[in-house]
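The values are calculated or read from the model by the stated rules, or taken from the named source; none is laboratory data. Note that the coordinates shown come from a computational prediction; the quantities given were computed from them, not determined experimentally. Cβ sites come from the backbone with ideal geometry, for glycine too, and all protein chains shown count toward neighbours.
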């Protein structure tokens, strides 16, 4: 069984890569054929689930190596199976659904690629035993969701929503990586099974608070918790099947999964409890509250998802066996009804052309099956019997009531949220399906029997599963117990049942439903109030704030880049020179106290002095002359002066080279100079003065550095080696030449290569303008490549 | 004597930097020549110059006395540097020629994009 599972999961990715080609063959049937993979996975997982012993969790090793020393290994236990079953099961229905829903879209091949990647990485994330690999899959889900949300990329809203989702979840992904590495360092293993087996809890480690903050950041960004919730309503820009999948079983639930998976390692501390409870509470209430003020069906559902995710986070935070059990069951409940409702929203949109619930009415007669299915899902959402949602809600209430110290705060908020959800559920059904006498009938694009079977299958199957699981909840007992064993290490016999007596929990439930109905009756003033609040909230409209801050950041970056990278060559140099000056000054200051053994300076010879004076005058003349020719000649004079200086100090070879190089350079310069513009003074007086001061400063500092450097002998010079071995080893008398052609022959070869390159460059630069070359030749000048080496 | 040469190098640097900071590209190139010459001199000075004999082993002898000859190592380094700077200078000049040919300006501030005139 295990091998089949591995192959199937690998198959998802393979299929994902080849889908654009497969689409060319299969066309509209692509979704149908692809849906077999998740179906098979679902069956495999179901078989595993049925065979799973109460406290059994095992690893399926695969030969796929992700990172050195990190095989991809699947961890099978209650928790991963619950998530895996939902992901693959709903994934199957979604693929079937999109086969028809996406029929008129362009680039369907790409759509399926993204969707398959999304599904595969979600499954991989849930099952992977290794935390690093889990992080990798986590990131792939973010990237895949980016492409899916922005699938209609010709619409700006879509692109913006996609970017928002990517930035927020990507930020969470980074914190996850950080946290995972820290956990791995502390525990010595990245494998979940090792962590669980050794009962490692990092609560006492000094880095615990850092890790926990990072993990919570990762979870609440992915799971759209307040204040990061706003990307989720934006994400409904995605095609409906994607929204359905994203909300029901994947993506947003990944954060909840992360919290549940790491609960044994991190959970149970005061910080864990309160941070999760507070975030969850706020999110739960705000989501449910704002849902009633929306008109767009998908948007309403998105806000109820936020509320549901808040509930799950809250339950994980409450941190009792009951609350964990409630969270698990509620995850199933939510996946079943939310997937169905989104698919219904897609059907309604396709048939009527709108998603505005207030623009629709009386659809029951034309869409009876859809209506019944929706009713069942909404009943589950409102938490009424006989749906599984009822059990979920009862468990939640029970878990919250057991809290001794904070139940007075959490219970009212969560009852409030549920009241709103009941009202929302009734409102959706009422607006969509009941007939209003004063309004005209809605014209449908399709009749219900024209809706393809594959599109209806999803919501129907999900609704029926909801009823079945509601009536026979004991089917879940074994899986939930197993998951609880691995989460809390508690041996716990889960006994789910629809009816558990007339007790406090039931009384609160009845109160919830009655108040929900009351709110529905008073919906007009309440909705008005909520809309007003939303408008007031819009001042702090988080998506806009987010976009603005991103834009401002980009603007700031552009501004600072423009300031630094201004494109003015001389200001770059100016900056460079000033910094160098500052550094040199600093270093000279620091060396002030160094002991200096001054070697006696050589005597001043008159002829050398005159040489220096002449050269200096030539250099200064180069700067100030207005004639180009004079500048070059003056430059040559200074170059010759330097050559003489070399000669004076006994460097014969240097002097010869300098003479030759200077001559060649002057020849080239003279040849080119008359094709160049005359000197012009382009800068104003003030600039010249500034540059002059800076240049003088540089000159002074260089002088100081040269004087200092003269006394500095950090290491024994290796010149002695050359002097001793030039003749004995290399058989040459001229030591400088021997160094160049023998000891450092490779350097010289590099030098020749440079010259060759330069010559090629010069040649091609001239070559490309044949006309000019001809003109040059007419004037009797030679080819302008420089002579080869002077060695 | 060394102090004077150090001042001379400083002067070369000052003039080179001043020229490099100009807007006219011809002057910038002149500045680069000056700077490379000056830098060679610095290396030469850094070897700890003393007036010595030429770094050539005399006929018949096998070994030269390091204290009698001028230091051969910086000379070899500078020699390489001179040749390379010659190659570079030739290339820059050719480039400048083409550059003026294509853009029609010698003002670096006018050269803010790669568009031709």
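Among the residues in the range A:260-269, are any within 23 Å of residue A:381 (Cα to Cα) and either free of Cβ contacts under 8 Å to residues at least 60 places away in the same chain or touching a helix residue (DSSP H, G or I) at 6+ places or on another chain (Cβ under 9 Å) (or both)?
yes
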Worksheet item: free of Cβ contacts under 8 Å to residues at least 60 places away in the same chain, touching a helix residue (DSSP H, G or I) at 6+ places or on another chain (Cβ under 9 Å) and surrounded by fewer than 20 Cβ atoms within 10 Å (Cβ to Cβ), is that true of residue A:85?
Response: no
Worksheet item: For residue A:634, all conditions in the list (1) at pLDDT 90 or above; (2) at the interface with chain B (Cβ under 7 Å from one of its Cβ atoms); (3) crowded, with 18+ Cβ neighbours inside 10 Å hold save one; what is the number of the exception?
Response: (2)
Item to complete: Please name all residue pairs, on different chains or six or more residues apart, with Cβ atoms under 6 Å, provided the first residue is in the range A:560-587 and is within 12 Å of another protein chain (Cβ to nearest Cβ) and the second residue is at pLDDT below 85.
Response: A:567/B:112; A:569/B:108
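Suppose we keep only residues that are more than 9 Å from chain B (Cβ to nearest Cβ) and in contact with a helix residue (DSSP H, G or I) (Cβ under 9 Å, 6 or more places away or on another chain) within the range A:663-677. Which one would you say is farthest from residue B:24 (Cα to Cα)?
A:663
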Worksheet item: Can you pull out the residues in the range A:720-740 that are crowded, with 16+ Cβ neighbours inside 10 Å, assigned to a helix (DSSP H, G or I) and more than 7 Å from every other protein chain (Cβ to nearest Cβ)?
Response: A:725, A:737, A:738
Worksheet entry | Residue within the range A:611-630 that is on the phi > 0 side of the Ramachandran plot, surrounded by 11 or more Cβ atoms within 10 Å (Cβ to Cβ) and out of contact with any strand residue (DSSP E or B) (no Cβ under 9 Å at 6 or more places or on another chain) present | no
Item to complete: Kindly establish whether residue A:249 is modelled with pLDDT under 90 and closer than 21 Å to residue A:128 by Cα.
Response: yes
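Determine whether residue A:189 is in contact with a helix residue (DSSP H, G or I) (Cβ under 8 Å, 6 or more places away or on another chain) and in a loop (DSSP other than H, G, I, E, B). Step through it out loud before you land on a result.
On the way: in contact with a helix residue (DSSP H, G or I) (Cβ under 8 Å, 6 or more places away or on another chain): yes; in a loop (DSSP other than H, G, I, E, B): yes.
It is true that residue A:189 is in contact with a helix residue (DSSP H, G or I) (Cβ under 8 Å, 6 or more places away or on another chain) and in a loop (DSSP other than H, G, I, E, B).
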Worksheet, complete the sentence: Only unsatisfied item for residue A:626, checking (1) in contact (Cβ under 8 Å) with a residue 40 or more places away in the chain; (2) under 24 Å from residue B:79 (Cα atoms); (3) out of contact with any helix residue (DSSP H, G or I) (no Cβ under 8 Å at 6 or more places or on another chain), is (2)
Response to the item:
Only one of A:268, A:280 is on the phi > 0 side of the Ramachandran plot and either part of a helix (DSSP H, G or I) or at pLDDT below 85 (or both), namely A:268
Worksheet item: In the range A:637-657, what residues are at the interface with another protein chain (Cβ under 8 Å from one of its Cβ atoms), surrounded by fewer than 19 Cβ atoms within 10 Å (Cβ to Cβ) and in contact with a helix residue (DSSP H, G or I) (Cβ under 7 Å, 6 or more places away or on another chain)?
Response: A:648
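Which of the residues spanning the range A:93-149 are assigned to a loop (DSSP other than H, G, I, E, B) and within 19 Å of residue A:342 (Cα to Cα)?
Matches in the range A:93-149: A:105 only.
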Discussion item. Condition check: part of a helix (DSSP H, G or I), over 15 Å from residue A:424 (Cα atoms) and at pLDDT 85 or above. Does residue A:372 satisfy that?
Written reply: yes
Worksheet entry | Unmet requirement for residue A:660, which otherwise passes all of (1) in contact (Cβ under 8 Å) with a residue 40 or more places away in the chain; (2) out of contact with any helix residue (DSSP H, G or I) (no Cβ under 8 Å at 6 or more places or on another chain); (3) facing chain B (nearest Cβ under 7 Å) | (3)
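Among helices (runs of 4 or more DSSP H) lying entirely in the range A:383-476, which contain 3 or more residues that are surrounded by fewer than 21 Cβ atoms within 10 Å (Cβ to Cβ)?
Once the helices (runs of 4 or more DSSP H) in the range A:383-476 are filtered for at least 3 residues that are surrounded by fewer than 21 Cβ atoms within 10 Å (Cβ to Cβ), what remains is A:407-433, A:453-471.
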